Each structure stands twice: as C-alpha cells, then as structure tokens.
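Student: Sending over a structure as structure tokens; questions will come in a sec.
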Amino acid sequence: MTTAASIPSPGTPRAPEAVFERIPVVIADDPGEACKQLAREIRSLIEQRQAAGGTAVLGLATGSTPVPLYRELARMHREEGLSFANVVTFNLDEYYGLTRDHPESYHRFMCDQLFDHIDIRPENIHIPDGTVPPEGILQHCQDYEGRIDAAGGIDLQILGIGRTGHIGFNEPGSTRESLTRRITLDRVTRQDAAADFLGVENVPRFAITMGVGSILKARRIVLMAWGENKAGVVAQAVEGPVSEAVSASFLQEHGNAAFLIDRSAASHLTRVRSPWLVGPVAWTPDTAYRAVIWLAEKCSKPVLKLVDEEYNEHGMSDLVTERGGSYPVNIDVFNRLQHTITGWPGGKPGADDTNRPERAEPHPKRVLIFSPEPQDALVAMGGVLERLIEQGHDVRFVAMTSGSLRVRDEDALRFCRALLELSEHSHENSWGGQESEAERLVCLLENKTAFDPDPPEIRRIKALLLRGETRDACAVCGLDRERVVFLYLPFYERGRYRRFLVGADDVEKCVAILRDHQPHQIYATGATADPSSLPAVTHEVLERSFDQVRPEPWAGNCRVWHYRCRETPLQPEEISMAMPMSPDQLERKARLLLGFQTISGMELAVCDENRELAATYDRLGLAEYEAIESLQRRR
Ligand code: F6R
C-alpha cells in the first residue's frame, strides 16, 4: 500500500496499482495525518488569496469525517496565526426543520467544531436554513446557488460520503444536474444519525442540500472517508460505474477531484483487497490465505475443491506454479481456516496449542473485556463471554462509559414515576420523605425535550438504568454482578457523539484497571472505526493506557483480541478466532440483548450476522454450525 506525499491534482501520474480506480485516491496511514495534508492545502489556498488581496471560497461538510480537519485548522489559527478573515464558506446541507441552535443542527455543529475557534467573519458563513417555510424553499435554494456564484464559485469543496454513497445529502437517485433543493433522507442515512438524535424516530426526514451539480461546479474537490464502515461504498464510488445509485461516483467526471482515505476505508479497493488482480504479488502465507478465501467465495466453491484453472483465470497462476499445483495451496488454507475455529476462547488447558488461536496456559486466565458503551461487547461477543466464564477464567467486564447518552428520556421518566408512586404510597416506611425528590426528578424530565442536555441527576439515573441492565445481561452469561466494572470515563460525560475528546483523566482510569487486573487477554474494539466514533475514541484511551503499562512484565504476556462493533463484521480472511455457537446459545444471546431497553434493531441483527458467518464457513467447506462469533488478534 502506498501513501502519497500530497493529494493528487490534475497531472499527477496514477500509481500502477490504481488501475481499477477511476479517480485519484490517496491512502493515508491514519486520518490525523490525512487531515494535516488537507489542512496544509487549505492554508496555502488561503495564503495565496490573501497575498493577492482576494478571498478563498470553501465548501464545507459536517458529520464525523471532517472533525479532525476542523481541529487541525483551528490549531493552525491558534498556534500559527492562520487568519480566516478572507475566507467565505458554503456548507453542503442542513436538516430541514431544525433551528440554528438545535444541538444537532449543522449550524450548531459548524460553530462548535470550527467557526467559534477561528476569525471568520459571520457574514462570510453560508449554511442552508432548515427553518424556511415550505413555500419559501425554492427561492431559498435558488438564492443559495446565486450566492455561491456571486462569491466566484467554490475553490475547494470538502466532502464526506454516506453509506448510501451520498455526497451532501444527495441520496441515491439524485441526478448529475441536481442543484440545491429539499430532499428526503434515505433510511440508512437516518439510521446512521440515530444515536445523535437519541433514536431514529427523532431524525428529521428531510434536509436541504446542495445538489450533485452544485458540488461538481467546485474547482477542486476532496472527499474524505475513514473507517471500515465506509470501505464498501468507497470502492463502489471509485471503481464502479458512474451512476445515480451512488452519487459520489459522479466525482469520476470531475477533472480535479480526489479521495483522501485511511487504510480501513481503502480496504475494499481492488489494489488492497485483491492485489493479485492488479499485478504480480509476492506470495506470503498471509496473502495466499486471503487470496484463496477470496477465490473460493468468488467461485462459490469450498476451498478444497478449487482447481488450477480457477487460479489461472483469477490472476493467481503464479501461486499454483510456485507451490506445485492447487491442491497443496488448498490444503494449507483449509487447515489454517479450520484452526481459527475453537470453542475455547481462553485456550484449552492441557491441549497441544500449536495450531489453536489462543495459548493453553496459563489456565485460568485473567481477562478484561472492554466495552465502549455497556451493551457493545455483549452484542459482539456475548457467546465468547459465556464460554470464558464456563471455562473458569477470571473475567472482568469493563463498561468504559456510562452509556447514559443512549438512554431515552421516556425510560428514565417511567422509572422516576414508579419511584414517585412508591414513595407516595409508602409514608409509613423508609420510602417516605423520598417523595419530594422523586417529584423533582419527574418534573425535570417532563419539562425537557430529548435534546436539552440532561442535568447531572438525570444522567445519573440513566446511567444506573443501563448499569442494572448490563449486570443482568452479564448474569445471563454467568458473570457475577461484582465482576462488571463501570469506568464512567470522563470524556463521555463531557461530550456528545462525534465530539468526544480524550483527557488524561480517562487514561488514568483505564491504566488503573489494567494494573489492577494484569490481564492475559484483553478484548477490545474500535481499531478500524471512524476516529470520531465512540468505539474509536475508547480505543484511543485503551491504546494510550496500554502504552503506559507496556514495560510492566505482565503486559508482554497479554494478548489483545478485537471484536467489531457498529462496523462491518470481520471478513473470513480477517478472522483469527471463530467461536461456534449452538442454537441454544444463540437464543440466549438474543434474549440477553432484548434485556436492554436501548438495544436497536441494527444491534439485534447481530444474531443474523452470526448465522451468516457460520453459513460462510460452511460454504468454504468447514463444518456446519448454527452461528459463529469472530475475533481478530492484534499485536
Ligand atoms: C454532511 C454531509 C454528508 C456526510 C456523510 C458522512 O454535511 O454532507 O454527506 O459527509 O453523511 O457522514 P459522516 O462523516 O458522519 O460519516
């Protein structure tokens, strides 16, 4: 994989491995690095225009993706004196129906993330107005286009990409010529915003967005994407046909557009996923493993039935030539795949562990399972947790944050009303006297909207509700209540989704639990997620904490296993441990998840995903299981 030094512009020669790509793509090591590159480009644009006495016109996006870019621009202003006084901005979109000061409005987002931290002139900021009455929308949209033209057009347009392939809010079906207009949001887009809005039912149905045509008029366009979740749609936009089904694919027709993505978001590009289709590869055991599984899926055949011709037809003839035929290659891959399967996630004591995913000794192991919000690890690896306990390991389930942002007001209200009733009818016993407190809580909840920030006592109640549900769910897996640890990391209490900032206090708490338990195994998530997402932020806390304890003797003996949460599930070739589940076990998992009031339909679908993975293993020629949970070993 190559990391280009700068974001390509017209004339930059295309790398030979990019033959399948119809638009220049830069794969950066990490989003922070990528955003620094783009921020440098923005700075030079602003400075050039300053020198010439002109303005720089930027098209801006919201959402998780540009957050690190805006932080870097704010830093450049603060520490390097970069002035935005000559900058004019046009935002892509705004939810229809939200006022400017709504916590989830894009107006508010832009102020919080960028405008409040730089010296831009308020009159130079343009964001579609989500409050124009229906009869004024057409005029408002035409005026927006007019303002862009009057500013001289957009010099540099920043974009993110939605899982529907949208740029701005141009959902599938948007035409190449579309201009600023009101649009109905796609179901997937609304689901992706559900956490921010405390439930999909609160996500606005409509938005005002610049059109594909408005975006394509920009002189330069850079689309950013981070994290595993974007990998599929990035590959479609970059390598697929230009189509209204994926509006980002229209960027292929722009002469000066580039994609700036991280390794996770690049993982479905042909040059990364199946480089043997692009040119000769050095066949390491890992590459051969990925390639053969890919081939088996492509040919819809079990691994052991692949033949030389199929290797030849799919760019892998040199592999079979090198190895003396397809059969030895098939056997190697089949064995390795089979060795990922284990019913002993903590290692099988006394067994030969040469080919097992986890060491047999020591037994029992000390295990820490880190869950960003309390339910996350149970969704991803409830079955593994149950096995670890059954097999006698010393497990602590660590809920990293309180999860209170997930709990709806109505659930807290139901609880507080019950408390009130209990105290009203219990004057003779110890509940008497609690009445006024319960009344106060009910009153607080009745008088707030879902988006007013929760006062500390309401946050506490929400956290306690989730705490109880988590303990109950862990108990279904056989874990004692006192082994469920609640870290309540402070960053979560200070922030909102997409806007969390890790502090030294977070790391301190996490280091303490690591030192206290000195685990042989850690289960964690978020390594390949969008950096502003909660799993990624908690992963950052864990990484920084582990860096502090790394020199300690126990740390060298600790294995880290990653599960996927709120991201695309692991693909078979990425799995290092596959833990089969029986029908009963899967049913128990579904039941324990249903114990969470906050559980979403998407999270419940994990049981189908576990079944689907078992079917994939079956298709590859392995034993037929009901369901499989998967983990990846990380070093
Ligand atoms: C936001 C916008 C959208 C987002 C896209 C990705 O102004 O226009 O196209 O860029 O939905 O959102 P995130 O970055 O939150 O994944």
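The values are calculated or read from the model by the stated rules, or taken from the named source; none is laboratory data. Just so you know, these numbers come straight off a predicted model, no measurement behind them. Neighbour counts are summed over all protein chains in view; Cβ atoms, including those assigned to glycine, are modelled from backbone coordinates with ideal geometry. Heavy atoms of the whole protein, side chains included, go into the accessibility calculation; ligands, DNA and RNA do not. Shrake-Rupley method; radii C 1.70, N 1.55, O 1.52, S 1.80 Å.
Student: Compute the accessible area per residue over the stretch 262-334, keeping the other protein chains in place, probe 1.4 Å, unit Å².
Tutor: 45 Å²
Student: Determine the calculated [θ] at 222 nm for the chain from helices alone, applying -39500 (n - 2.57) to every DSSP H run no shorter than 4 residues and normalising by the residue count; nearest 500 deg cm²/dmol.
Tutor: Mean residue ellipticity at 222 nm (helix-derived): -12000 deg cm²/dmol.
Student: Identify all lysines with a Cα-Cα distance to Lys36 below 27 Å; exclude those on the same chain that are fewer than 8 residues away in sequence.
Tutor: Lys217, Lys230
Student: When N is the residue count of the chain, what does its C-alpha Rg come to as a fraction of 2.2 N^0.38 Å?
Tutor: Rounded to two decimals, the normalised Rg is 1.03.
Student: Moving on to the next point. Can you compute the FRET efficiency between Asp332 and Glu543 using 1/(1 + (r/R0)^6), with r the Cβ-Cβ distance and R0 = 35 Å? Round to the nearest 0.05.
Tutor: 0.60
Student: I'd like to check one number: the per residue accessible area of the stretch 14-73, probe 1.4 Å, reported in Å² as a whole number.
Tutor: 38 Å²
Student: Remind me, relative contact order of the chain in percent, using alpha carbon pairs under 8 angstrom and six or more residues apart?
Tutor: 12 percent
Student: Let me ask something else about it. Rounded, prolate or oblate: which fits the stretch 460-578, taking a ≥ b ≥ c as square roots of the Cα gyration tensor eigenvalues, rounded meaning a/c under 1.5, else prolate when a/b beats b/c?
Tutor: rounded
Student: I would also like to ask the following. Quick one: divide the alpha-carbon radius of gyration of the stretch 146-220 by 2.2 N^0.38 Å and tell me what you get. All intermediate terms of the calculation are to be shown ahead of the outcome.
Tutor: Working: Rg = 13.6 Å, N = 75, 2.2 N^0.38 = 11.3 Å.
For the stretch 146-220, the normalised Cα radius of gyration is 1.19.
Student: Please compute the modelled spin-label separation between Asn202 and Asp394, points set 7 Å along Cα→Cβ, answer in nm with one decimal.
Tutor: 4.2 nm
Student: Could I ask something else about it? Whenever you get a sec, compute what percent of the accessible area on the chain sits on carbon and sulfur atoms (1.4 Å probe).
Tutor: 50 percent
Student: Moving on to the next point. Can you give me the orientation-averaged projected area of the convex hull built on the Cα atoms of the stretch 503-629, in nm²?
Tutor: Over all viewing directions, the stretch 503-629 projects a mean Cα-hull area of 9.5 nm².
Student: How do 255-261, 625-631, 237-243, 478-484 rank on mean C-beta neighbours within 10 Å, highest first?
Tutor: 625-631, 255-261, 237-243, 478-484
Student: Here's another thing I want to ask about it. Ignoring everything but the protein chains, give the 1.4 Å probe accessible area of Asp196 in square angstrom, nearest 10.
Tutor: Ignoring ligands and nucleic acids, Asp196 comes out at about 20 Å².
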